[in-house]
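What follows is a single structure, written as structure tokens, with notes after it.
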Amino acid sequence: MKANFSKRWKAALAIAIVAGAILALNIPAVSVQFKNAAYAALAGIQKNIWAAGVSAGESLPVFGGEDIAEENRRLQAQASGFWVQQAQIEALKKENEFLRQGLNLELEKEFDLKFANIAGKIPARDILIIDKGARDMIEAGMMVIDSQKAIAGKVVKTYDGFSEIQLITDKDFSFDVSIGDNGTAGLFRGLGELNAEVDLVPKDAGLAADQRVYTSGLGGIFPAGLLVGAVKEIRQNDVETFQSAAIGPAFDAAAARQVFVAVGKHPMEPALSAEINH
């Protein structure tokens, strides 16, 4: 059991090293060229962790009263590469399903899309790293969506082979939204840690739980009609002129493994500004 315990902590250490390395890469003094090379070196390691559903922020499994022989067999299977192979197979299945969903929704007719895998997450920020960059025509400001046309965020920085995606839940990310069938206006705000709210909603507007929230197209950040999320909890104050509500984002950053980047068209061009949620 001592050896098994040691292996667990080695795995924990590996995850911590990857997370620490990515955090260090975001120090302003680190050059773009070095960041790109480092992301490339770390991508394979972190992608395997990500594909298996394990991130630096998750707790590691704890050993219980497992049968020793069974535990030995499991460790032998891992040592032979079985665990990694299964994770890669599962990731490929999910990737194919993601692409199939995108084709079924005919996303290509509305967007010039670039498929990308999520390679990791920057600690302490709602920022994802994807495996496409400047050489793939990715540019800062391009919007990012999933196969269900839910808005994920936008590209904020590119390297040769990687890009950083700022999620809409990142702290201080804001844009105009439309709520419910009546199209009530509001301002979406990211709160960090994958949380968000909608604020500045007129007090006489009939907000209700589970109402869908869409991008309004105002402000030029995103086109109208992209699914943002749903109302979770309404907050009212007798003194305030406006009301607010907690929002459950439609894009599940914790479960997502792939995204689409809208390439080659400005988000507010007419082709992208059409209603796309019908």
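The values are calculated or read from the model by the stated rules, or taken from the named source; none is laboratory data. Note that the coordinates shown come from a computational prediction; the quantities given were computed from them, not determined experimentally. Here the Cβ positions follow ideal geometry from the backbone for every residue, glycine too, while neighbour counts run over all protein chains shown.
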Does segment 140-173 hold any residues that are among the charged types (D, E, K, R) and either touching a residue at least 40 places away in the same chain (Cβ under 8 Å) or not in a loop (DSSP other than H, G, I, E, B) (or both), and which are they? ASP146, LYS149, LYS154, LYS157, ASP160, GLU164, ASP170, LYS171
Lone qualifier among GLY180, GLY186 - being surrounded by fewer than 19 Cβ atoms within 10 Å (Cβ to Cβ), farther than 26 Å from PHE115 by Cα and in contact with a Leu (Cβ under 8 Å, 6 or more places away or on another chain): GLY180
Over segment 192-233, the set of residues without any contact (Cβ under 8 Å) to a residue 24 or more places away in the chain and either assigned to a strand (DSSP E or B) or closer than 12 Å to ILE151 by Cβ (or both) is ALA230, LYS232
Return a yes/no flag: does segment 106-127 have any residue that is part of a strand (DSSP E or B), crowded, with 16+ Cβ neighbours inside 10 Å, touching a strand residue (DSSP E or B) at 6+ places or on another chain (Cβ under 8 Å) and at pLDDT 95 or above. yes
Condition broken by GLY217, with the remaining ones in (1) within 29 Å of ILE122 (Cα to Cα); (2) among the small types (Gly, Ala, Ser); (3) modelled with pLDDT of 95 or more satisfied: (3)
Taking segment 149-176, which residues are in contact with a Leu (Cβ under 7 Å, 6 or more places away or on another chain) and either buried (at least 22 other Cβ atoms within 10 Å of the Cβ) or closer than 14 Å to THR215 by Cβ (or both)? LYS149, ALA150, ILE151, ALA152, GLY153, ILE165, LEU167, THR169, SER174, ASP176
Single match in ARG235, ARG212 (criterion: surrounded by fewer than 20 Cβ atoms within 10 Å (Cβ to Cβ), under 30 Å from ALA119 (Cα atoms) and among the basic types (Lys, Arg)): ARG212
